[in-house]
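Down below is the structure, laid out as structure tokens.
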Amino acid sequence: MAAMARAVFKNESGVTEMLSMPSSTRNCAKSGKSDGPWPQMPTLVPLTALDNTDIRILQLLQHDARITSKEIADKLGKSITPVYERIKKMEEKGYIKRYVALLDKDLIGKNLTAFTTVQLKEHSQSALRGFEKEVIKFQEVMECYHLTGQFDFLIKVAIQDMKEYNAFLMNKLATLSNVGGVQTYFVLSEGKVETAYALQAGTGKKGVKK
């Protein structure tokens, strides 16, 4: 079992801070804003509405979003127009949310990753919504999750070094009025970071047609 160093203290804002250095952590998407009483699950067509061709298209796009409709058509043995139409329909139905470029975090100076759990003082619906609304405004926060269990939120923070994390903690996170305690884990190494979901072809029903 890997050793873990931990320091516990109260900062000037009265927030109890616990810093830990574990040998591993879990990979955890930055939450979006919600107009409702609390973030709701988006309404999506179920995976069974996709046929095998749709799933293969999604598999290819997940690994290379720059791949063209022609290249996909060639790989699947299909004509270009039906492939293009399938992609557009999956975009319209919400299967494909957006296309992005994945950057090398070390080359852009985000060498340190921290996972911080947050306990709130108050747990009313408005308090939970209020914390989430404020914390996702911080540019250092890459992902934010509302949790069950001991902690209320888990946030993933990308920073350059410990100095930048301390500035984030003291000048941003700890200034939120409802924060009662935080516990931070710093990543030592990454065993796996995956952006592509596992999709199994062969089990779906026809939905998005040619």
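The values are calculated or read from the model by the stated rules, or taken from the named source; none is laboratory data. Predicted model only: the values in this text are computed from it and were never measured. Virtual Cβ from ideal backbone geometry, glycine too; neighbours counted across all protein chains shown. Protein only, heavy atoms only, side chains kept; ligands, DNA and RNA dropped before computing areas. Shrake-Rupley method; radii C 1.70, N 1.55, O 1.52, S 1.80 Å.
Quick notes
- Given (1) open to solvent by 10 Å² or more (accessible area, probe 1.4 Å); (2) not in a strand (DSSP E or B), number of the condition Tyr165 does not satisfy: (1)
- All positions within the stretch 173-191 that are part of a loop (DSSP other than H, G, I, E, B) and closer than 23 Å to Asp106 by Cβ: Val187, Leu188, Ser189, Glu190, Gly191
- Restricted to the stretch 82-121, and to residues there that are assigned to a helix (DSSP H, G or I) and either at pLDDT below 95 or aliphatic (A, V, I, L, M) (or both), the residue that is farthest from Glu164 (Cα to Cα) is Val83.
- Of the residues in the stretch 177-197, at least one is under 30 Å from Leu50 (Cα atoms) and among the hydrophobic types (A, V, I, L, M, F, W, C).
- If the condition is being open to solvent by 50 Å² or more (accessible area, probe 1.4 Å) and at pLDDT 95 or above, then the stretch 168-184 contributes Met170, Asn171, Lys172, Thr175.
- Residue in the stretch 144-157 that is under 21 Å from Leu107 (Cβ atoms), modelled with pLDDT of 95 or more, open to solvent by less than 20 Å² (accessible area, probe 1.4 Å) and touching a strand residue (DSSP E or B) at 6+ places or on another chain (Cβ under 9 Å) present: yes
- Tabulated pairs, the stretch 99-116, first surrounded by 12 or more Cβ atoms within 10 Å (Cβ to Cβ), second modelled with pLDDT under 95 and not basic (Lys, Arg), C-beta under 7 angstrom, 6+ apart or interchain: Phe115/Thr25; Phe115/Cys28
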